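First comes the structure, then the notes that go with it.
All of the numbers you see were taken from the coordinates with simple rules; none came from a lab. Everything numeric here is computed off the predicted structure, so don't read it as measured data. Here the Cβ is made from the backbone with ideal geometry for all residues, glycine too, and neighbour counts use every protein chain on show.
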Amino acid sequence: MSSVIVTRFAPSPTGLLHLGHAYSALFAFEAASRNGGRFVLRIEDIDFTRCRREFEVEILDDLAWLGIEWEPSVRRQSDHLHEYAAAAEQLRVRGLLYPCFCTRKDIQREIEAAGAAPHGPEGPLYPGLCRSLSADERHGRIANGESFAMRLDLNRALAEVDGDLEWNDLQRGPQKAQPEILGDVVLVRKDIGCSYHLAVVMDDGLQGITRITRGEDLFEATHVQRLLQSLLSLPTPEYHHHPLICDPEGKRLAKRDDAETLRSLRSRGISGRELRQRLEFG
């Protein structure tokens, strides 16, 4: 791993940034600045149904207002779908992905019929309905035009791993990956041709990110992402999962809950410097 610290901020342009985003962006920027490192900006815009270019423009304005400077080459995930597709194909050829034709209703019915299902941090784990389909049935359903996602065959993937999967977290210390807590995750979604897990691992590797700073709500995702790094022969960065900014009731800020936006703060005459001091990045 390079001795130069390279951090990133990777927002999705699905809405306006709020205080939580400001904290995360400043956390990554300051980590690089303090250590003479590099800070890059990535736009995670693969969710074509929700991402909008006008939100991306607002993101850039908000970051500049905060006094954050990033390298001029901004990576947009929508420009690199071919790279994610190539990585997924590599995993498929190795027998590590399988087509999943299930809808959410199919999965829910299976879980209810079983009476219980193993749970992970994101809810019930996928019960494996499509994992054991024969090659003929898979090919037939695809030929008939059924839509499908591609899931990671976790057991086969783990069988390819040589030794323990570990990473260092600057908040929690040395960690041993347990990707089984997330089960057979989707790596290629039906609608966009890839997934967050696959895209973010590819991006971090290709951009040479050496320290991933992000909210602690993404800690569990690191377990499966560490596995993907191993499967795709990508380097393992160090991580720093920082605490979240919460509202007065202790609930983390979120776009869907209409958390106050940075644009709103700007319109009220609050300066970026004032906000940095408020977030203790003065």
Among (i) 74, 44, 41; (ii) 63, 40, 35; (iii) 63, 49, 34, the entry matching Cα extents along the principal axes in Å as calculated here is (ii)
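Calculate the all-directions average of the projected area of segment 135-282's alpha-carbon convex hull, and give it in nm². Don't jump to the answer; show the numbers that get you there.
Numbers: hull surface 51.6 nm².
Average of the hull's projected areas for segment 135-282 equals 12.9 nm².
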Whole-Å distance linking the alpha carbon centroid of segment 31-88 with that of segment 209-282 is 14
Output for segment 178-282: GluC sites (Glu not before Pro) sitting in coil per DSSP, at most 10 other Cβ within 10 Å, listed by number, reads Glu249, Glu280
Computed over the Cα atoms of segment 12-64, the Rg and Dmax in Å are 12.2, 38
Here the relative contact order (percent) of segment 81-202, from C-alpha pairs under 8 Å and at least 6 apart, is 33
With R₀ set to 45 angstrom, the calculated FRET efficiency between the beta-carbons of Val4 and Glu249, to the nearest 0.05, is 0.65
The correct pair for segment 68-114, radius of gyration to one decimal and Dmax as a whole number, both in Å and from Cα atoms, is 18.2, 53
Treating only Lys and Arg (+1) and Asp and Glu (-1) as charged, each at its beta carbon, one finds that the chain has a dipole about its Cα centre, in Debye to the nearest 20, of 300
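Tell me, Ser73, Ser230 in order of fewest to most beta-carbon neighbours within 10 Å?
In increasing order of surrounding Cβ atoms, one gets Ser73, Ser230.
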Listed with the fewest Cβ neighbours within 10 Å leading, Phe48, Phe27 appear as Phe48, Phe27
Only helices counted: for the chain, with every DSSP H run of 4 or more residues adding -39500 (n - 2.57) and the sum spread over all residues, [θ] at 222 nm is -11000 deg cm²/dmol
Put in order of increasing Cβ neighbours within 10 Å, starting from the fewest, Val4, Val185, Val93 give Val93, Val4, Val185
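In square nanometres and to one decimal, what's the mean projected area of the convex hull around the Cα atoms of segment 74-211?
Averaging across all directions leaves 10.4 nm² for the Cα convex hull.
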